[in-house]
Every structure is written in C-alpha cells, then in structure tokens.
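Reviewing the structure listed below.
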Amino acid sequence: MNEKPVDIKKYLSDRVLKLEESPTFALEKKVDMLDGQLKAKGDYVVRFGIGQPDFNTPDNIKDAAKTAIDQNKTKYTASTGIKELKQAIVDKLARDNKLDYGLENIFVGNGGKQVLDAIMRAFINPQDVILVPRPYWVSYTQQVVLSEGIPLEVDFNDLLKIEVVHLKSLIKQYESRIKCLILNSPSNPTGAVYNLKELKEIAQICVENNIFIISDEVYEKFIFGNAEHISAAGLGDEVKNITLTVNAVSKTYAMTGWRIGYIAAHQDIISQMTKIQDQSASNPCTPAQWAAVEALNGDQESVEAMRREYEKRRDYIYNRLNGIDGIKCSLPEGAFYVFPDVSSFYKGSVKNSFDFSSELLEKAYVAVVPGAAFGDDRFVRISYATTMDKIKEGMDRIEKFCGSLSR
Ligand SMILES: Cc1ncc(COP(=O)(O)O)c(C=O)c1O
C-alpha cells in the first residue's frame, strides 16, 4: 500500500507545539539508558535529577488503600474528592497552618501538578500575565503557556527570593494584565523559605494590586534549622481572599505515584473550578483518596523521620559543595534540593548549565538538572532525595569532575 506522508504538525495546535518537554523527565529517560549500559559493567549513575523521595509510602497508608480496594471503594467519586478526604484536608489546614476552611473551599485533584494546571485554566485568558519568580519549578511557565497566558519572570535577590523592586516595576509596567503571582515556599529548586516579614511584604503588594497568590506549599513539611513554614493565606482575611493554597501528599508522605493534590481557596473559585474537574479528570483515583485520608489523619511520625534524614543530607551536601573550589552554594532551609552556582566552570567545551550537566553525566555518571530549565543558567539543581551512600559517592564524583575542569 502506498502511504501518503502526513504532516502531523499541521494538524496539532500551536499550544501543544509550543510546549517544552519536561527537562526532568527528559533527563530521567537519558539516565535510564545510560544506567542500563553501566549496570552491565558493574557501575551505575548517581541520580540527583528527579525530585522524588527515596522513601517508601508508609505502611499505614498502603494498608488504607488495600482496605479501600477490598471494600470495593473503586468507583467514581465526586469530581473534586470524597468528603472524608476534604474533611481530613480541612482538619489538616486548621491544625498545621491555622487556616479556617470548610468543605466548600476544598478541591482535590490528581496531584499538585494537575491542580495547578486547573488553576491556570480557570484564571488565564489568552495573553493574561502570570508572575513567575525565578528560579522556578519547571512546570509553572509551561502550564501558563498551555493556557495561552504569558509567564512573566520576576528576578531574585541574593537570598534566591523575589526581588521586590523588580516585582513592583513589573506590576507598574503590566498592571491590569497580571492575574496571579506564584509563590513557592519552600522552593523547588532553591530550598529557600520565606519568613514572615518577606511574606507580608509580598502579600501586601498583591492585595494593593489585586493580584491573586498561588501559594505552592508542597514541601512545607521539609523545613530545617530555625526556619518555619508560613502559609500566605494565614496573613489575614484580605490575603486569604486572594490566595489559593496548593498542596499534595506526594512529597510529604512519599506518595508521588498516588497522584493526590489539593487546593484551598474561596468557595466561588472552587465552585467554578469544579466544572473543569467534571469535564476533564472526573475524579482523582478512588483508593488513592482513601490512602490520602489515612496519610493526613494518621500517625505523622514517619514524616518527621523523613524530615530529619533530609536535614542530615542537606548539611552534608551543602558542606561538600562549598568545599569544592569554584562552587558557590547557599544554605537551603527546606525541600530536598540544593542549587549551587557552577558558572565559574563555564570555559572551553562547558559553556552553560546544559554542557556542565551533560559532561557530568557522560564523564562522571552523575545526573543533575541544568539551572537553565529553572530560569537561571549559572546553576544546576541537585536533588538529595536519595540515600546517604549515594550522596557521598555522588559528591566524590562531582568533586573529581570539577577538579578536572579548567576555570
Ligand atoms: C514546587 C512543586 N510543586 C508541585 C509539584 C507537583 O507535585 P505532584 O507530584 O503532587 O504533582 C512539584 C513536583 O515536583 C513541585 O516540585
């Protein structure tokens, strides 16, 4: 048969063609391949790429899902979640974040990523502006693009947090086209945590300029030293009215594959957003919802055990990185990432963060994500959601690799 060639791209939307591949998923594919080849030689890649806890989901949570399945809790549910899970979220927000919400304020979806995408769909008309502070989690800008909005990048200061002067100047310039600001504390990729003073200043600017705050708090439980997690919505009613608090069980309970995330916001927003869920996702996976009920209501000791372990790893990796000539790294106060500046090595064949990461992978078998993917080419992101043994081995390899580069 004679097949006529079809130009698929002519049929696909500009929206999807413009979308970038997730750099972390792309890296994982490459690493999987290399790792397979190395295994045959008794070696392996040290994976500092993906932001996925190395811990297993705690047993009490897994048991709750098994029970749900045995009890045939396997059918469709209300599109934004079962009431038992919404109640567990309401109770959690009151207990942990001092936020007073009712069931009507809660929207449960398929992970933090999907609920964030639903927010973008709900808020963005073509050409609307969403303020995305750099360095940012890779999906924020692309989700804005997918909804045909404009992600406008806000610069950062020495602490890797929002540069308020730049924020104000962008607001002056773009005024009414700006719909929302994304706030991510603790931050992926920097691990920066906003303190009360900083949060108040930014929230006040948003209140004065009618800008909604999308407060992504998925790393809230992994906080180190004297740092404290503060929910933006807790700064008073004016701020609460313009804030959508986003969270998920993925990182906190090592439940990345279960796909449960949620939003707490004004009921008028939630009721409109429910239509999106009705017409697209139907509902989050039913047994996973029951597992999330147990995660939020059950014993929290496993979360604290993971936090302690992450803190040990952070201390180790931070000290090792700063001990390497040519690397500058600020101390992350939360999440499970470090974001070192490696730009002093940009000489010869290593011209940018992509080259640095590629050579590090190909020559030293260590996977890190180029900072350019997060909006700043001077850096690379290292995820320390892996075992201490692997971290030690990975740091030895990075040290040796950096020693081999010219500066
Ligand atoms: C800052 C941030 N927000 C949201 C998410 C999404 O998490 P989930 O796995 O629940 O979709 C991630 C995942 O990497 C993240 O880093």
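Bear in mind these aren't lab numbers, they're just calculated from the coordinates by the rules spelled out. Bear in mind that the values here come from a model prediction, so they are computed numbers and not experimental data. Every residue, glycine as well, gets a Cβ built from its backbone with ideal geometry; the counts of neighbours run over all protein chains shown.
Looking at the chain, what % of its DSSP beta bridges pair antiparallel, to the nearest 5?
45 percent
Find the Rg to Rh ratio for segment 272-314, where Rh is the Kirkwood radius over alpha-carbon pairs and Rg uses the same atoms.
On the way: Rg = 16.2 Å, Rh = 13.1 Å.
Checking Rg against Rh, the ratio lands at 1.24.
What's the ranking of 45-57, 273-285, 67-79 by average number of surrounding C-beta atoms within 10 Å, highest first?
Details: 45-57: 20.1, 273-285: 16.9, 67-79: 13.2.
With the highest mean Cβ count within 10 Å placed first, the list reads 45-57, 273-285, 67-79.
Along Cα→Cβ, 7 Å out, is where each label goes; now give me the distance between the ones at residue 6 and residue 355 in nm to one decimal.
Each label point lies 7 Å from its Cα, and together they span 4.2 nm.
Excluding residues fewer than 8 places away in the same chain, name every one of the lysines whose C-alpha is closer than 25 Å to that of residue 197.
Cross-link targets: 92, 98, 161, 168, 172, 179, 221, 240.
Based on other C-beta atoms within 10 Å, arrange 329, 180 from fewest to most.
Placing the least packed residue first, the sequence is 329, 180.
Treating only the Cα positions of segment 73-166 as identical point scatterers, give the base-10 log of I(q)/I(0) from the Debye formula at each q in 0.14, 0.17, 0.25 Å⁻¹.
-0.73, -0.93, -1.11
How long is the chain along each principal axis, judged by its Cα atoms, biggest number first, in Å?
Taking max minus min along each principal axis of the Cα atoms, the chain gives 69, 58, 56 Å.
For segment 191-346, what does the alpha-carbon gyration tensor say about shape, rounded, prolate or oblate, given a ≥ b ≥ c as the root eigenvalues, a/c under 1.5 as rounded, and a/b over b/c as prolate? Please list the in-between numbers first.
Working: a/c = 2.06, a/b = 1.37, b/c = 1.50.
In terms of gyration-tensor shape, oblate.
Order of 342-354, 5-17 by packing, highest average Cβ count within 10 Å first? Show your work: numbers first, answer last.
Numbers: 342-354: 16.3, 5-17: 8.1.
Ranking, from highest mean packing down: 342-354, 5-17.
Quick one, can you get me the convex hull of the C-alpha atoms of segment 73-297 expressed as volume per residue in Å³? Write down the numbers at each step before the final one.
Details: hull volume 25.3 nm³, N = 225.
So the per-residue hull volume is 112 Å³.
Send over the Kirkwood Rh of segment 11-58, from the inverse of the averaged 1/r over different Cα pairs, rounded to one decimal Å. Kindly include the intermediate steps, with their values, before the conclusion.
Working: mean 1/r = 0.0749 Å⁻¹.
About 13.4 Å, per the Kirkwood formula over Cα pairs.
Rank 375, 199, 246 by how far each Cα sits towards the positive end of the charge dipole of the chain (+1 on Lys, Arg Cβ; -1 on Asp, Glu Cβ) and give me just the farthest.
The residue sitting farthest along the positive end of the dipole is 375.
Nearest 500 deg cm²/dmol is fine: what mean residue ellipticity at 222 nm does the chain get from its DSSP H runs of n ≥ 4 alone, each adding -39,500 (n - 2.57), divided by its residue count? Each step should come with its number before you reach the end.
Working: 15 runs with 181 residues, N = 407.
Per the formula, -14000 deg cm²/dmol.
Just how large is the dipole of the chain about the Cα centre, in debye to the nearest 20, putting +1 at every Lys and Arg Cβ and -1 at every Asp and Glu Cβ?
Details: 51 positive and 56 negative charges, 145 e Å.
Dipole size: approximately 700 debye.
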